[in-house]
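Quick notes on the structure that follows.
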Amino acid sequence: MKASQLFFPTLREVPREAELISHQLLLRGGFVRSVAAGIYSYLPLGWRVHEKIAQIVREEVNAFGGQEIHMPVLVPKELLDETGRSAVPVLFGLKDRNQREFFLGFTHEEVVTDIVRSTVHSWKQMPLYLYQIQTKERDEPRPRGGLIRGREFTMFDGYSFDYSEEKLDAIYKANYQAYGNVFRRCGLEHLAVEADPGSIGGSENHEFMVLTENGEDTVLRCDSCTYAANAERGEVPETSSVEAIKPEASESISTPGAHTIEEVCAFLHVEAGHLIKSIICTADGKPVVALVRGDRDLNLPKFARVLGAKSVELADVPTVLRVTGAPMGFAGPVGLAEPSPIYADNELKQGGNYIVGANQADAHLGNVTPGHDFQVTTWGDIRTAVAGDKCPRCDEGHLTDARGIEVGHIFKLGTKYSKDMQALYQSETGEKTPILMGCYGLGVSRTLASAVEAHHDESGIMWPITIAPYEVGIVLTNMKDTSIVDAGVQLYQELKAAGVDALLDDRDERTGVKFKDMELIGIPIQVVVGKGLANGEVEVSMRREKGVRTAVATVELVDHIVALVKAEKSRLM
RNA sequence: CGGAGUGUAGCGCAGUUGGUAGCGCGGGUCGUUUGGGACGAUCAGGCCGCAGGUUCGAAUCCUGUCACUCCGACCA
């Protein structure tokens, strides 16, 4: 491609709307343009990267038997009614001219299961793995970070169909491997972690996280064994040695105006760990009280599992006022105005003589010990795990944390969808049995943005060569010097003929502009055709080794570049 | 949905006590330049997000509304 013909409107300044570095650089480099919140158009460079990532996913999934299909964006409501998912809040809905209801596809379990139930009738037709790479639509409560969380985005979604747990396990593992290969080939440091399955359900699931400095998720890893989990899912093991504390008589403490943990700590000059945080929640509509140590966070999904509740949320203000009989900020387990079940985090079994809210304005209670001053309805693991916690899987390890971006999520669904939708097959013994399913999602657009988050410097993007829009950029330093132009065009054509993805910057711009643009758009290998030509040489440099330039004889350039491209790619195998 | 912020030229921004809008970059044309976002000349470009209101007069004050961003809730 010649840069003079390429549509890549680069920006010198950072658009006001972009906060995240990937968002800034993708806009500045002319990869994408925003249309509305969380909705983007891809320009030529962005789409090339997108398609390179998509192609890598295809290759890896095809390798273990995946078959590509393409399902519609419009999904009739009745299909989602079969599994009850027509009530999912992130759905975009619409009606056709006859008032028939449709939703915009947000994931396609129902659609693919509908295909399979009408076509797969025998165990002999399985295993089957179908996938698509398609635009997904979700009315996210808060789109953010450019391509990181959009309302419209591209997802690879794969679905497996099997007749035995062993087969399901095998394809799940194959997919797990394939995803690892995809991210490795995309040059992304990644980690598969145990995660919350959300409402999609199923028995086993893993998230694939790309590790970046400012990812939106926290992942925890054991420093001793292979345990890794999303912090929101991380288990906290119960400490075996329970330290005996002699409960002292509780006492009222005046804490005027101290609503928050920080304010109470500052006022009383104590550490947050001496406090118990009392959080009023609503579980399936009924008020419950959750207790965690003052320096911990309540984890709502974990709390919901302990409760066995469908939905748990923080109670609204009127409920808090009613349950505690006090203004916000003074809730405690002792003396509730409206007695409610009290769920305490296991950690509170240790220690005692805590400070809690007094359920009265401007007052706390000191020396409060669970079991002594109030009764706990149920103990459980309800706090969010943090770095430093003991590993739940091995004895010696402790957890360390890192930030990551969720780029893939795979689930063993089991028969959840096949039962609801009557997707049955006949087994070897002739029995009608629900198909065992798995589903496998990979965010293509999010992977693209994550790659920028992971690979950039102050000058711009540093694409891994496997997903770069072009592998090599040729800069012609003077468009009026016909020897430079002729030599550059010839090298460009030879490189193309040798199968190298090359971009020739033949624009009538100053050389500085061309260098800046090449760096901004992140072309991995740069060839400068200029002064050295008099000696029969051009200069070659790598984007990731800024400032290092090597003189290469023009006659050797094609071989040199072909070898470089090959070497760069092999780094990512 | 709660909290905070921002909407002025294609982009980034300024605009004083209310007096009808400017700077830089970018764009067109001409010339000089050509190895790190050139220089000079010249031209074009605005419903000051939108709708009301106050006022002789509103980018500026008030009310409402929409959009975008960030924090949180939420996130298949």
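The values are calculated or read from the model by the stated rules, or taken from the named source; none is laboratory data. Everything quoted here is computed from the prediction, not taken from an experiment. Cβ placement follows ideal geometry from the backbone for every residue including glycine, while neighbour counts extend to all protein chains displayed. When the accessible area is computed, the model is the full protein with side chains, heavy atoms only, and any ligands, DNA or RNA have been set aside. Shrake-Rupley method; radii C 1.70, N 1.55, O 1.52, S 1.80 Å.
With a cut-off of 20 Å on the backbone N, the residues of region A:1-28 near the modelled label site 7 Å out from A:LYS546 along Cα-Cβ are A:10-15, A:19-28.
Here the spin labels are modelled as points 7 Å beyond Cα on the Cα-Cβ line, and at A:SER252 and A:MET328 they lie 2.5 nm apart.
Residues in region A:328-343 carry Karplus couplings, in order, of 4, x, 10, 6, x, x, 9, x, 5, 5, 10, x, 9, x, 10, 10 Hz; the curve used is 6.51 cos²θ - 1.76 cosθ + 1.60 with θ = phi - 60°, and Gly or Pro positions show x.
Does chain A come out rounded, prolate or oblate by the C-alpha gyration tensor, with a ≥ b ≥ c the root eigenvalues, rounded set by a/c under 1.5 and, if not, prolate when a/b is larger than b/c and oblate if not? Prolate, because a/c is 1.5 or more and a/b exceeds b/c. Summing charges over all other residues whose Cβ lies under 14 Å from the Cβ of A:GLY158, with Lys and Arg as +1 and Asp and Glu as -1, gives -2. By its C-alpha gyration tensor, with a ≥ b ≥ c as the square roots of the eigenvalues, how is region A:1-62 shaped: rounded for a/c under 1.5, else prolate for a/b larger than b/c, else oblate? Oblate is the answer for region A:1-62, as a/c is 1.5 or above yet b/c matches or exceeds a/b. Sorting the segments A:60-68, A:188-196 by their residues' average number of neighbouring beta-carbon atoms within 10 angstrom, most packed first, yields A:188-196, A:60-68. Relative to the globular-protein estimate of 2.2 N^0.38 Å, the Cα radius of gyration of region A:300-438 stands at 1.56.
Here's how it looks for A:GLY146: its modeled amide H is under 5 Å from none belonging to a residue 5 or more places away or on a different chain.
Compared with the alpha-carbon gap, the fully stretched path from A:GLU458 to A:THR239 is longer by 74.2 nm at 0.36 nm per residue. Of the solvent-accessible surface of chain A, computed with a 1.4 Å probe and all protein chains present, 49% belongs to carbon and sulfur.
At a probe radius of 1.4 angstrom, the accessible area of chain A per residue rounds to 45 square angstrom. Among beta bridges from DSSP that stay inside region A:251-380, the antiparallel ones total about 70%.
Scaled against the 2.2 N^0.38 Å expected of a compact globular protein of N residues, the Cα radius of gyration of region A:470-571 reads 0.97. Residue by residue, region A:564-570 carries 3J(HN,Hα) couplings of 5, 4, 4, 5, 4, 5, 5 Hz when phi is fed to the Karplus relation 6.51 cos²θ - 1.76 cosθ + 1.60 (θ = phi - 60°); x denotes Gly or Pro. Solvent exposure of A:HIS50, expressed as accessible area, is near 0 Å², computed with a probe of 1.4 Å over the protein chains only.
Here's the picture: charge each Lys and Arg Cβ at +1 and each Asp and Glu Cβ at -1 in region A:126-270, and of A:TYR227, A:PHE161, A:GLN132 the one pushed furthest to the positive end of that dipole is A:GLN132. In this structure, the amide hydrogen of A:ILE474, modeled 1.01 Å from its nitrogen in the peptide plane, lies closer than 5 angstrom to those of A:LEU503, A:LEU504, A:ASP505, A:VAL527, counting only residues at least 5 positions away or on a different chain.
Listed values for region A:278-283 are Karplus-derived 3J(HN,Hα) couplings in whole Hz (6.51 cos²θ - 1.76 cosθ + 1.60, θ = phi - 60°), namely 10, 10, 8, 10, 10, 10, and x replaces Gly and Pro.
A compact globular protein would have a Cα radius of gyration near 2.2 N^0.38 Å; the ratio found for region A:440-522 is 1.30. Per residue, chain A reaches -8000 deg cm²/dmol at 222 nm when only DSSP H runs of four or more residues are counted, each adding -39500 (n - 2.57). Gap in Å between the Cα centre of region A:504-530 and the Cα centre of region A:428-448? First find each Cα centre; the distance between them is then 45 Å. Given the pairs A:LYS480/A:LYS566; A:LYS286/A:LYS419; A:LYS52/A:LYS124; A:LYS246/A:LYS286; A:LYS77/A:LYS136; A:LYS246/A:LYS277, which are separated by over 24 angstrom at their Cα positions? Too far apart for the 24 Å limit: A:LYS480/A:LYS566; A:LYS286/A:LYS419; A:LYS52/A:LYS124; A:LYS246/A:LYS286. What does the C-alpha gyration tensor say about the overall shape of region A:150-193? Classify as rounded when a/c is under 1.5, otherwise prolate if a/b is larger than b/c, or oblate. Judged from the Cα gyration tensor, region A:150-193 comes out oblate (a/c at least 1.5, b/c at or above a/b). Dividing the mean sequence gap of close Cα pairs (under 8 Å, 6+ apart) by how many residues chain A holds gives a relative contact order of 17 percent.
Compared with the direct C-alpha span, the chain from A:LYS2 to A:LYS77 gains 22.3 nm at full extension, assuming 0.36 nm per residue.
Pairs of Cα atoms in region A:1-104 fall into 10 Å distance bins, from 0 up to the last occupied one, in shares of 12, 25, 26, 28, 8, 0 percent.
For chain A, the Cys residues with no second cysteine's beta carbon closer than 4.7 Å are A:CYS186, A:CYS265, A:CYS281, A:CYS439.
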